Amino acid sequence: MLTLHFAPNSRAGRIVWLLEELGLQYRLNRMDFSPKDLKSPEHRARHPLGRVPVLDDGDVRLWESGAIVEYVIARHSDGTLRPPVDSPLFPTYLQWLHYCEGMVMPPVNTIVVQTLLLPPERRNAEVLGQAQRLLTRSLAPVNDHLQGRDYLIGNFSAADLMLGHACYMSQRLGCVTDEMPHLRQYIERIATRPAFQTAMSA
């Protein structure tokens, strides 16, 4: 059985969401999002930096969320959530799958550090403002692309698991503006999916 090492309010949520969408059996090792759990010797043996998610599948261990998504779809699904490689949708799928970590999550990380993780005396308002503006700019092409589409390639796919989760987080951080109606509707659509709701309550 798959085992997911998980902490709430982290990228690990998108892996719970994936496993729920696919209807797979899995065990959840839930940890607190704190140094006590994540930086423990036990968890550092799983991930050298003490991060989540970490997925165990027999002798296989992976700890990059994008790699986990691609691995699970390749090994544990019948091809659902990903277009065939010869589909005209495949390049668009790949682009938005990787846009998440390439463009959206770096400023999200900075905002989280500057508003939640650092003690108040170490926070930098200029760094925070730059990250907030960069995140809003990074989301604008997503909003434009979603015009006339329910999901990033039309039907729901793993690109929505990656980027949709990041967009949901971005909205919680206040960086999805009123000038992004298509993105707002997309986030609302994602939030109604039962598998997403299960993942967010994990």
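Tell me which of these residue 121 doesn't satisfy, since it passes every other one: (1) in the same structural domain as residue 152 (by TED's automatic domain parsing); (2) buried (at least 16 other Cβ atoms within 10 Å of the Cβ).
(2)
Which residue, of 122, 172, is free of Cβ contacts under 8 Å to residues at least 12 places away in the same chain and either of a type in the set (A, V, I, L, M) or within 23 Å of residue 16 (Cβ to Cβ) (or both)? Spell out how you get there, then give the answer.
Values: 122 fails: either of a type in the set (A, V, I, L, M) or within 23 Å of residue 16 (Cβ to Cβ) (or both).
One residue alone meets the criteria, 172.
Considering every residue within segment 12-30, establish whether at least one is crowded, with 18+ Cβ neighbours inside 10 Å and either assigned to a loop (DSSP other than H, G, I, E, B) or at pLDDT below 95 (or both).
no
Suppose the filter is of a type outside the set (D, E, K, R), under 21 Å from residue 198 (Cα atoms) and touching a Ser or Thr at 6+ places or on another chain (Cβ under 6 Å); does residue 28 pass it? Quick ask: steps written out before the conclusion?
Working: of a type outside the set (D, E, K, R): yes; under 21 Å from residue 198 (Cα atoms): yes; touching a Ser or Thr at 6+ places or on another chain (Cβ under 6 Å): no.
So residue 28 does not fit the description; no.
Conditions (1) buried (at least 17 other Cβ atoms within 10 Å of the Cβ); (2) closer than 21 Å to residue 11 by Cβ, marked per residue:
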{"site": "61", "(1), (2)": "no, yes"}
{"site": "75", "(1), (2)": "no, yes"}
{"site": "80", "(1), (2)": "no, no"}
{"site": "91", "(1), (2)": "no, no"}
{"site": "102", "(1), (2)": "no, yes"}
{"site": "130", "(1), (2)": "no, no"}
{"site": "139", "(1), (2)": "yes, yes"}
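Check segment 159-168 and report whether any residue there is free of Cβ contacts under 8 Å to residues at least 60 places away in the same chain, among the small types (Gly, Ala, Ser), assigned to a helix (DSSP H, G or I) and surrounded by fewer than 17 Cβ atoms within 10 Å (Cβ to Cβ).
The answer is no, given that none of the residues of segment 159-168 is free of Cβ contacts under 8 Å to residues at least 60 places away in the same chain, among the small types (Gly, Ala, Ser), assigned to a helix (DSSP H, G or I) and surrounded by fewer than 17 Cβ atoms within 10 Å (Cβ to Cβ).
If I go through segment 63-73 residue by residue, how many of them are surrounded by 14 or more Cβ atoms within 10 Å (Cβ to Cβ), out of contact with any strand residue (DSSP E or B) (no Cβ under 8 Å at 6 or more places or on another chain) and free of Cβ contacts under 8 Å to residues at least 40 places away in the same chain? Talk me through it step by step, then tell me what you get.
Within segment 63-73, the subset surrounded by 14 or more Cβ atoms within 10 Å (Cβ to Cβ) is 63-66, 68-73.
Add one more test, that the residue is out of contact with any strand residue (DSSP E or B) (no Cβ under 8 Å at 6 or more places or on another chain), and what stays is 64-66, 69-70, 73.
Restricting the remaining residues to those that are free of Cβ contacts under 8 Å to residues at least 40 places away in the same chain gives 64.
Qualifying residue count for the region: 1.
Residues that are buried (at least 22 other Cβ atoms within 10 Å of the Cβ), within 18 Å of the chain's Cα centre (by Cα) and either aliphatic (A, V, I, L, M) or at pLDDT below 95 (or both): does segment 42-52 have at least one? So that I can check it myself, show each step before the final result.
Of all residues in segment 42-52, those buried (at least 22 other Cβ atoms within 10 Å of the Cβ) come to 52.
Right, trim to within 18 Å of the chain's Cα centre (by Cα) and you get 52.
The next check asks that each one be either aliphatic (A, V, I, L, M) or at pLDDT below 95 (or both); those that pass are 52.
For segment 42-52, residues buried (at least 22 other Cβ atoms within 10 Å of the Cβ), within 18 Å of the chain's Cα centre (by Cα) and either aliphatic (A, V, I, L, M) or at pLDDT below 95 (or both): present.
So which residues in segment 178-194 are free of Cβ contacts under 8 Å to residues at least 24 places away in the same chain and part of a helix (DSSP H, G or I)?
The answer is 184, 187, 188, 191.
The values are calculated or read from the model by the stated rules, or taken from the named source; none is laboratory data. In this text the structure is predicted, and so the values were computed from the model without any measurement. Note that we place each Cβ from the backbone using ideal geometry, even for glycine, and neighbour counts take in every protein chain shown.
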